[in-house]
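The values are calculated or read from the model by the stated rules, or taken from the named source; none is laboratory data. Fair warning: this is a prediction, and the values are worked out from it, not measured in the lab. Don't worry about glycine lacking a Cβ; one is built from the backbone with ideal geometry, like all the others, and counts go over all protein chains shown.
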Amino acid sequence: MKNIVIGRFIPGNSFLYKMDPRTKIIALIILMISAFVLRGFMNMFIALGLILLLLLLGRINIIRVIRGLKPLMFLLLFTFTFQILFNETGPVLIVFEQEASWTLHYSWLNILAVVGVVFFWFFTRRFVRFRLLYLVATLVGSIALLINLQLGYVFNTGDLTIHQNAVETGFFIMMRLIIIVTLSTILTLTTKPTDLNLGLESVLKPLKYIRINTEEMAMIIAIALRYIPTLLDEANKIMLAQASRGVDFSEGKMKDKVMQIVSLLVPMFIISFKRSDELANAMEARCFVPGNPRTRLHQLAWTYADTITIIISLMALASVITLRVVGINV
Amino acid sequence: MNIIEIENLSFYYQADKPVLKDINLTIKKGEWLTILGHNGSGKSTLAKLLIGLLRAKSGTIRIDNEELNQNTVQSIRRKIGIVFQNPDNQFVGVTVRDDIAFGLENLSIPREEMIERIETYAQKVSMSEFLNKEPHALSGGQKQRVAIAGILAMHTDIIIFDESTSMLDPKGRRMILDYMKTLNDEGVTIITITHDMKEAVLSDRILVLKNGEVLKMDTAANVLKDKITLEKSNLELLLPLKVINRLEEKNIKNEELRSYLWQLSLTG
Ligand SMILES: Nc1ncnc2c1ncn2[C@@H]1O[C@H](COP(=O)(O)OP(=O)(O)O)[C@@H](O)[C@H]1O
Ligand SMILES: [Mg+2]
């Protein structure tokens with residue numbers, strides 16, 4: 001439990017590590033907007049190349065970044081497939097002719113029905129004997145639902161046609177997601193959680209005009225960061241204590257699992273309440289008054305390098321907008 | 001000069017269960033007072049009242065000639081600090097440096113001075129090498145030392161230790177006791193709350209609380225040999241004093257041995 005990392009900060013040493021967290025956050029936002037404006041295969045690949053260069057210059061382990069993209073795979077595949085199947089604008093690229101012609105129906109209701117079936121399968125599969133068969137049956141059932149549940153009629157005469165816009169849009173969405181996730185991974189890999197907190201507090205300061213006190217929020221996050229390892233230790237101790245009384249945390253049916261979680265959660269809640277009460281006393285005793293002005297030990301120092309970074313990001317945004325306006329979408 | 005004056009102080013959490021009854025107490029500047037008492041006798045409650053975490057139901061508390069009330073509580077908290085029992089639940093910062101800084105930030109001390117004070121007081125409790133360490137990399141005794149540094153850095157005149165050594169190992173406890181001694185020699189007024197007679201013996205005076213009332217208030221030497229009072233409040237005599245009592249019971253008179261044992265108990 002001790003080695004659970006909070007955030008995904010990996011200690012290292014490069015210009016990215018030395019950069020002011022505010023700069024990194026602002027640059028991230030600007031570059032994210034740029035990614036949304038960007039169009040064109042070439043442009044996308046150039047952007048990806050630039051990010052690769054940033055990773056190399058910043059001495060960031062690329063494998064780690066790719067690992068960070070893994071959870072995204074499903075979403076990427078899904079959006080791409082969705083575009084291919086349902087986007088019917090632009091010139092036709094390929095036609096897959098089909099012998100028998102089915103009519104698939106899709107509307108929110110149909111999709112909801114299918115999602116329902118999948119959920120049902122997910123929760124009931126553990127009680128079924130022949131799981132593979134059950135999976136196949138579920139898939140067939142879903143397709144049957146799309147064919148027969150004629151609630152919203154939209155799609156398909158039988159041949160699967162792939163349109164140019166489908167490929168393009170699908171591809172662009174994929175690339176944009178990859179770019180955005182990679183950029184935010186760079187931020188979290190190179191910024192300590194406490195610095196990130198400090199930077200966010202500073203960047204979000206204008207929120208005080210809508211009466212959101214970022215300083216207090218930052219204090220709460222800082223204390224949470226401070227107490228996560230302590231509470232994890234505590235959870236570990238409780239689990240050991242419960243295990244010594246015969247609670248088995250590794251196995252069991254649904255009902256046992258619930259009992260295990262309760263046996264961990266209840267003491268954790270009680271301990272946390274007691275802790276927070278004592279902590280509040282300790283903070284007050286040391287003259288903490290919520291909302292009062294305080295000086296700060298950690299002050300962020302803006303340097304030329306930070307200004308230059310922001311200017312470069314703005315230039316990236318400007319050029320992306322120019323490309324879009326001029327119409328260079330290759 | 002009296003730095004703390006308590007007059008007719010009473011307190012309860014529930015009206016039908018008084019926790020402190022009509023306490024009168026004065027503490028001199030630079031004095032070291034121990035508060036002894038069994039569990040639930042109201043020691044922690046008294047400490048919380050002194051630092052304004054609880055409000056008295058009746059009676060007055062004056063600290064450094066300033067009466068404690070809603071308006072003065074903030075300025076009084078600058079003069080009086082408290083180290084609680086559980087080292088983990090009073091460590092506010094993510095690192096040792098941040099934790100010592102916490103109180104200073106609250107006092108709006110300029111950053112340069114803050115850095116100076118952090119260095120000074122971390123050194124004072126021998127935690128200079130640990131400034132960048134996180135709390136889970138520290139022992140309980142080290143965390144308590146950080147807490148002391150955090151209070152000292154705020155330039156408080158009075159420090160309350162509410163069973164601050166009870167969760168520490170003997171070595172950690174010894175070290176905290178040494179710091180108490182040093183601080184007291186330097187003029188800091190110290191109030192220790194404890195069950196540990198070895199701790200009590202170091203102080204100037206001892207207050208024995210029982211069920212929220214003052215059972216006895218005398219010099220350390222007088223209270224420690226007061227078998228009856230200590231028995232009444234479920235406290236155990238120090239071993240050398242037990243031996244003295246036995247010798248007296250058996251009518252064995254050996255002045256040399258007696259004074260040696262007495263010496264032994266006073267040095268802990
Ligand atoms: N927050 C509270 N609410 C209600 N009763 C409390 C609270 N804190 C303490 N008490 C009660 O007040 C009495 C004195 O408690 P305390 O001052 O903590 O004693 P001590 O520190 O001497 O062990 C005890 O009987 C305790 O149960
Ligand atoms: Mg207590």
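Overview of results
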quantity: Within the stretch A:220-251, considering residues that are among the small types (G, A, S) and under 16 Å from A:M283 (Cβ atoms), the one nearest to the other protein chains (Cβ to nearest Cβ); calculated: A:A222
quantity: Residues of the stretch B:34-65 that turn out to be more than 16 Å from ligand 2 (Cβ to nearest atom) and surrounded by 14 or more Cβ atoms within 10 Å (Cβ to Cβ), as a count; calculated: 8
quantity: Residue check for B:I160: more than 18 Å from B:I35 (Cβ to Cβ) and β-branched (V, I, T); calculated: no
quantity: For A:A318: the one exception among (1) in contact with an Asp or Glu (Cβ under 9 Å, 6 or more places away or on another chain); (2) of a type in the set (G, A, S); (3) farther than 25 Å from A:K205 by Cβ; calculated: (1)
quantity: Residue in the stretch A:204-226 that is at pLDDT 85 or above, outside any helix (DSSP H, G or I), in contact with a Lys or Arg (Cβ under 7 Å, 6 or more places away or on another chain) and not small (G, A, S) present; calculated: no
quantity: Every pair of residues 6+ apart whose Cβ atoms lie under 6 Å, when the first sits in the stretch B:69-82 and is more than 9 Å from chain A (Cβ to nearest Cβ) while the second is among the β-branched types (V, I, T); calculated: B:I76/B:I63; B:K79/B:T156
quantity: B:I80 vs. criteria aliphatic (A, V, I, L, M), within 14 Å of ligand 2 (Cβ to nearest atom) and either at pLDDT below 95 or in contact with a helix residue (DSSP H, G or I) (Cβ under 7 Å, 6 or more places away or on another chain) (or both); calculated: no
quantity: Flag for B:N65 being on the phi > 0 side of the Ramachandran plot and not aliphatic (A, V, I, L, M); calculated: yes
quantity: Matching residues in the stretch B:107-130 - criterion: being within 7 Å of another protein chain (Cβ to nearest Cβ) and either buried (at least 23 other Cβ atoms within 10 Å of the Cβ) or touching an Asp or Glu at 6+ places or on another chain (Cβ under 8 Å) (or both); calculated: B:M114
quantity: Pairs with Cβ under 6 Å, 6+ apart, first in the stretch B:186-213 and farther than 16 Å from B:G37 by Cβ and part of a strand (DSSP E or B), second away from ligand 1 (no atom under 15 Å from the Cβ) and among the hydrophobic types (A, V, I, L, M, F, W, C); calculated: B:T189/B:I3; B:T189/B:I158; B:I190/B:W32; B:I190/B:I159; B:I190/B:M180
quantity: Residue list for the stretch B:145-163, restricted to those being within 16 Å of ligand 2 (Cβ to nearest atom) and away from chain A (no Cβ under 12 Å); calculated: B:F161, B:E163
quantity: Condition met for B:K21 (within 15 Å of ligand 1 (Cβ to nearest atom), more than 18 Å from the chain's Cα centre (by Cα) and without any contact (Cβ under 8 Å) to a residue 60 or more places away in the chain); calculated: no
quantity: The stretch A:164-186 residues that are farther than 19 Å from A:I60 by Cβ, paired with ones that are of a type in the set (S, T, N, Q) and part of a helix (DSSP H, G or I) (beta carbon under 6 Å, 6 or more apart); calculated: A:A166/A:Q83; A:T169/A:Q83; A:G170/A:Q83; A:I173/A:T79
quantity: Residue count, the stretch B:142-172 (criterion: surrounded by 19 or more Cβ atoms within 10 Å (Cβ to Cβ) and assigned to a helix (DSSP H, G or I)); calculated: 12
quantity: Residue in the stretch A:303-313 that is farther than 23 Å from A:L196 by Cα, surrounded by 14 or more Cβ atoms within 10 Å (Cβ to Cβ), of a type outside the set (A, V, I, L, M, F, W, C) and out of contact with any Gly (no Cβ under 7 Å at 6 or more places or on another chain) present; calculated: no
quantity: Where a residue in the stretch A:122-137 is under 14 Å from A:K253 (Cα atoms) and its partner, wherever it lies, is in a helix (DSSP H, G or I) and β-branched (V, I, T), with Cβ under 9 Å and at least six apart; calculated: A:R125/A:T138
quantity: Search result, residues across the stretch A:269-301 that are in contact with a Gly (Cβ under 8 Å, 6 or more places away or on another chain), among the small types (G, A, S) and either more than 8 Å from every other protein chain (Cβ to nearest Cβ) or loosely packed, with under 13 Cβ neighbours inside 10 Å (or both); calculated: none
